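Structure first, then comments.
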Amino acid sequence: MLISFEGIDGCGKSTQIKLLKAYFRDKGVKFSVFREPGGTEISEKIRNLLLHETDDMDPTTELLLFSAARSQLVAEEIIPRLKKGEIVILDRFYDSTTAYQGYGRKSAKLSHIETLNKLATHNTEPEITFYLRIDPKEAAKRTQRGIKDRMEKAGEDFFREVYSGYDMLSRLERFEVIDATKSPEEIHQKIIQRLNKVLN
Ligand code: Z5A
């Protein structure tokens, strides 16, 4: 079973994945967690290029690099685990490309991005996507500290577009929209309730 977490930077995905890992461990459930971009040697090298190497990257190059990192992760790690019936948790998946490169950067037509996503995922789809919804202004308050990476430097207008992209995507049936302004524990409980329904 494939479970993905989505949302703008600072929405609390990593916090929720940490809580979910502890929950699954307590229950003795076998699972793996991967972050995107990343999760394999090749994908981590691409992550470094995308987030840290240069401020001057062509938007199409960016789109293709996120997709290349994903293709390697899906082929090397995700498909083999799903074939064994394991649970795989993803901190971002191809919905991030639709929201960030499609709606945010406007790197390519949405129909082209859809085709590219199918190719890069080897037609793999999550059963459920938890979308932690939070206004970009609120999320920015959580991420103000620290050095910003290349994507984080994109600015408020960009994140507004990304946010509107996620709102479009959240109409899909596999999306579970969660109010990310609630407390971490309240959000965790919502996620557990929803997952238990699917797992039972
Ligand atoms: N990207 C892309 O453009 N296209 C793609 O296809 C893909 C990705 C796959 C990856 O960055 C960047 O790549 C990302 C999208 C882009 N760029 N941006 N911008 P990343 O992997 O380094 O980071 P991230 O995924 O964007 O987010 P993150 O740093 O992991 O943060 P988070 O998971 O959203 O939030 P968090 O770390 O759990 O929480 C952030 C803070 O808020 C922290 O201090 C928490 O203690 C606090 N927090 C968490 N939950 C709460 C609640 N409920 N209330 C109050 N405070 C909270």
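The values are calculated or read from the model by the stated rules, or taken from the named source; none is laboratory data. These numbers come from a predicted model, not from an experiment. Cβ atoms come from the backbone with ideal geometry, glycine included; neighbour counts cover every protein chain shown. Ligands, DNA and RNA are excluded from the accessible area calculation, which covers all protein heavy atoms including side chains. Shrake-Rupley method; radii C 1.70, N 1.55, O 1.52, S 1.80 Å.
A few notes on this one:
- A simple rule links phi to the HN-Hα coupling: the Karplus curve 6.51 cos²θ - 1.76 cosθ + 1.60 with θ = phi - 60°, which for region 40-57 gives 9, 4, 5, 5, 5, 5, 5, 4, 4, 4, 5, 9, 10, 6, 9, 7, 10, 10 Hz, with x for Gly and Pro.
- In order along region 165-177, the phi-based Karplus estimate (6.51 cos²θ - 1.76 cosθ + 1.60, θ = phi - 60°) of 3J(HN,Hα) comes to x, 4, 5, 5, 5, 5, 6, 5, 4, 6, 7, 10, 8 Hz; Gly and Pro are listed as x.
- Carbon + sulfur, % of accessible area of region 1-134 - ligands and nucleic acids excluded, 1.4 Å: 51 percent
- The equivalent ellipsoid that matches the C-alpha gyration tensor of region 33-110 spans semi-axes of 24, 14, 9 angstrom, in descending order.
- Qualifying GluC sites (Glu not before Pro) in region 10-95, DSSP loop, other Cβ atoms within 10 Å at most 16: Glu86
- For region 80-198, the Kirkwood hydrodynamic radius from C-alpha pairs, put into Stokes-Einstein at 10 °C and a viscosity of 1.306 mPa s, yields a diffusion coefficient of 100 µm² per second.
- Listed residue pairs exceeding 29 Å between alpha carbons, taken from Lys45/Lys83; Lys13/Lys84; Lys13/Lys106; Lys27/Lys148: Lys27/Lys148
- Farthest positive-ward along the chain dipole, Cα basis, beta-carbon charges - from Gln72, Tyr166, Ile191: Ile191
- Ranking Leu116, Leu90, Gln101 by Cα position along the charge dipole of the chain, where only Lys, Arg, Asp and Glu carry charges on their C-beta atoms, puts Leu90 farthest toward the positive end.
- Sequence-ordered 3J(HN,Hα) estimates for region 128-137 from the Karplus curve with 6.51, -1.76 and 1.60 and θ = phi - 60° stand at 9, 10, 8, 9, 8, 8, 8, 5, x, 5 Hz, glycine and proline given as x.
- Selection of trypsin sites (Lys or Arg not before Pro), region 40-91, meeting DSSP coil and at most 15 other Cβ within 10 Å: Lys84
- 13 Å Cα-Cα reach of Lys197 towards aspartates and glutamates, excluding residues that sit fewer than 8 places from it in its own chain: Glu127, Glu176
- Ellipticity at 222 nm from helices only: DSSP H runs of n ≥ 4 in the chain, each -39500 (n - 2.57), divided by the residue count, give -14000 deg cm²/dmol.
- Order of exposure, largest accessible area first, which applies to Arg25, Arg194, Arg133 with probe 1.4 Å: Arg25, Arg133, Arg194
- Computed lengthening from Glu186 to Thr61, 0.36 nm per intervening residue step minus Cα-Cα distance: 41.1 nm
- Cα gyration tensor shape for the chain, rounded if a/c is under 1.5, else prolate or oblate: oblate
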